[in-house]
């Protein structure tokens with residue numbers, strides 16, 4: 001990663017040694033905090049277990065997970081699309097990820113793909129490329145949304161079921177290490193309501209914050225946690241996945 005000395009937290013931050021969504025609305029929209037918190041928890045738990053060796057942070061953005069994985073990898077190569085309005089100071093390479101990756105075969109031990117796959121026009125081609133650039137025993141760590149609004153228009157192409165994710169991964173040769181739904185009906189409902197009321201004058205932001213906070217408290221209870229977990233099988237907020245070559 002270029003300019004490591006300039007890196008600073010963006011989408012995710014640490015609070016009391018736990019990774020959470022930034023409360024800066026310039027980094028994470030007020031109505032997206034609950035969903036980003038769910039994703040943050042998975043990376044907080046899983047990156048220390050699976051991140052290793054030379055990492056490819058693909059579609060890296062501002063490299064928001066760097067602080068979480070930096071102590072577990074020997075190097076991190078950051079690749080993303082070019083941004084004509086604001087140059088990304090951390091990129092090792094500007095590249096259209098919809099095209100073949102200009103990387104050597106079996107070069108990496110870990111590929112990180114966070115909130116990226118839904119923006120890829122030909123996802124099966126990217127799965128094949130990730131398999132190609134990984135060493136035997138290497139892993140892909142990724143998350144994708146499922147019940148989630150259209151975002152980053154017009155570059156939002158797909159929502160994937162667990163069966164689609166499993167098929168795309170195994171078809172190119174990966175073994176599934178972990179594939180789990182993250183968030184269920186309570187989180188989905190809270191996210192939809194928050195996104196629809198946040199623009200209401202005066203009261204919108206406060207209500208959106210409260211609904212997400214109340215939902216987070218509810219799913220931490222025994223009843224709420226069971227409801228979220230059981231409903232996630234049919235109504236997943238998103239998926240978290242780890243596969244191995």
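Within the stretch 1-22, the set of residues being in contact with a strand residue (DSSP E or B) (Cβ under 8 Å, 6 or more places away or on another chain) and surrounded by fewer than 17 Cβ atoms within 10 Å (Cβ to Cβ) comprises 2, 14.
Among the residues making up the stretch 91-126, those that are free of Cβ contacts under 8 Å to residues at least 60 places away in the same chain, under 18 Å from the mean Cα position of the chain (by Cα) and assigned to a loop (DSSP other than H, G, I, E, B) are 97, 98, 116, 120, 121. Checking each residue in the stretch 51-69 for being part of a helix (DSSP H, G or I) and either out of contact with any helix residue (DSSP H, G or I) (no Cβ under 9 Å at 6 or more places or on another chain) or more than 30 Å from residue 212 (Cα to Cα) (or both) picks out only 67.
Residues in the stretch 5-48 that are part of a helix (DSSP H, G or I), more than 16 Å from the chain's Cα centre (by Cα) and touching a residue at least 40 places away in the same chain (Cβ under 8 Å): 6, 30, 31. A residue that is surrounded by fewer than 20 Cβ atoms within 10 Å (Cβ to Cβ) and without any contact (Cβ under 8 Å) to a residue 24 or more places away in the chain occurs nowhere in the stretch 176-188. Scanning the stretch 158-184 for residues that are over 22 Å from residue 28 (Cβ atoms) and either out of contact with any strand residue (DSSP E or B) (no Cβ under 8 Å at 6 or more places or on another chain) or assigned to a loop (DSSP other than H, G, I, E, B) (or both) yields 158, 160, 161, 163, 164, 167, 168, 171, 172, 173, 174. For the stretch 75-90, a tally of residues being in a loop (DSSP other than H, G, I, E, B) and either under 13 Å from residue 47 (Cβ atoms) or in contact (Cβ under 8 Å) with a residue 24 or more places away in the chain (or both) returns 3.
Values in this text are rule-based calculations from the coordinates and carry no lab data. Just so it is clear, the structure is predicted and the values come from calculations on it, not from any experiment. We place every Cβ from the backbone using ideal geometry, glycine too, and count neighbours over all the protein chains shown.
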